[in-house]
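All of the numbers you see were taken from the coordinates with simple rules; none came from a lab. This one's a predicted model, so the numbers in the text were calculated from it and none came from an experiment. No Cβ is skipped: glycine too gets one built from the backbone with ideal geometry, and neighbour counts run over all protein chains shown.
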Amino acid sequence: MKSGKYIVAVLITLSLTILLMSSCFKQTERADTNPNFGDSVMSIKNFRKLHSMGMVEYIAQPLFIEGLVVANDEHDNIYKAIYIQDNTGGLVVQLDGLSLYQTYPIGSKIKINTQQLLLTDYRRMVQLVGAVDTSSGSLVTSGIPSPLFSKFIKIESENNSIHPLVVGYKNLGDSLQGRLIQINAVEFSGADTAQTYADKKNKLGISRSLKFCTGGTIYLRTGGYADFAGIKTPTGNGIVIGVYSVFNTEKQLILRDTNDILLTGKRCTGAAWLQNLPQTASKLNN
């Protein structure tokens, strides 16, 4: 009888051990469903330092960056790309797909395995791309192919709050590329006030100048395919939020949607106000 009880006890113990091992294996398997992503993360600022302007850098090592999605293609003013930022910098990531906002909504925190991707720049705007082609004699880039999104990008969380960085004209520089910023006490120049953001009929992009009351100009860039391209720019003064970009030496803002335009105050007065008037009006006051 004792030997029989002993055998039963051993069998029960073995069964429990097997069940426990199986449970642990399943948990480990779930936790490591995507082995492409490591624990270490490089800041976007340091990652951008790997790039030399005008060059192309192939990322051979498994380097990981992490950031919040601050802009996407929801309103069609951004094409096949998303903008991400951490607390050190921002970056535009080219993705060869449409309706990216459904997969990567604003506020999503993502991690990117940059191995086998490339760093390059277009008109001095640094970008992370999937491939480059120089067969035509000029550099042509393409985004990460949509079937490979999950290989390179991992969504870590959603609905994170984003606060734009408030900057003045004198602080605008390449270190802000790809970041969501806020500029205050600005207004559209006289020539660009009450004009459509872009040429909706002909699907042509337009840069509208925004003047700082304290002096300085930044250009609001809107594509002809944006769903707000045909809306007219407001006449007041106030706050504008957008993603900082450059086109060669031109400082630009990429507008996400018109909710980021808060120009309801009175326009500038004094010397700065005269600079914001249309050219003909300025001459009449001289």
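What is the calculated FRET efficiency for Lys232 to Ala131, with r their C-beta to C-beta distance and R₀ = 51 Å, to the nearest 0.05? Calculated transfer efficiency: 0.80. About the centre of its Cα atoms, the range 44-157 shows a dipole size close to 300 debye [charges on the beta carbon of Lys, Arg (+1) and Asp, Glu (-1) only; nearest 20 debye].
Give me the number: length gained by fully extending Thr249 to Arg124, i.e. 0.36 nm times residue separation minus the C-alpha to C-alpha distance, one decimal in nm.
Details: separation 125, 0.36 × 125 = 45.00 nm, distance 0.81 nm.
Taking Thr249 through Arg124 to full extension adds about 44.2 nm, to one decimal.
Neighbours of Tyr225 by Cβ distance under 15 Å: Lys/Arg scored +1, Asp/Glu scored -1, total 0. The orientation-averaged shadow of the Cα convex hull for the range 165-275, equal to a quarter of the hull surface, comes to 6.5 nm². Between the beta carbons of Ala194 and Lys80, assuming R0 = 22 Å, the FRET efficiency works out to 0.10 to the nearest 0.05.
Remark: relative contact order (the range 165-275) = 28 percent; criterion is Cα-Cα distance under 8 angstrom and separation of 6 or more residues. Site pair Val140 and Met55 shows an inter-label distance of 2.6 nm when each label is modelled 7 Å from Cα along Cα→Cβ.
Looking at the P(r) of the range 37-110, how many percent of alpha-carbon pairs lie beyond 16 Å? Show your work: numbers first, answer last.
Details: 1453 of 2701 pairs.
Here the tail beyond 16 Å accounts for 54 percent of pairs.
Annotation: amide H of Leu95 within the under-5 Å range of Ala81, Ile82, Ile144, sequence separation 5 or more or interchain, hydrogens built in the peptide plane. Based on Cα atoms of the range 44-157, Rg over Rh with Rh as the Kirkwood radius reads 0.93.
Under 5 Å between amide hydrogens, built in the peptide plane, is the criterion, and for Leu263 it picks out Ile239 among residues at least 5 positions away or on other chains.
Applying a 10 Å radius around every beta-carbon, put 172-184, 45-57 in order of their mean neighbour count, most first.
Result, highest mean first: 172-184, 45-57.
Of the cross-linked pairs Lys154/Lys251; Lys170/Lys232; Lys211/Lys251, those separated by over 20 Å at the C-alpha level are Lys154/Lys251; Lys170/Lys232.
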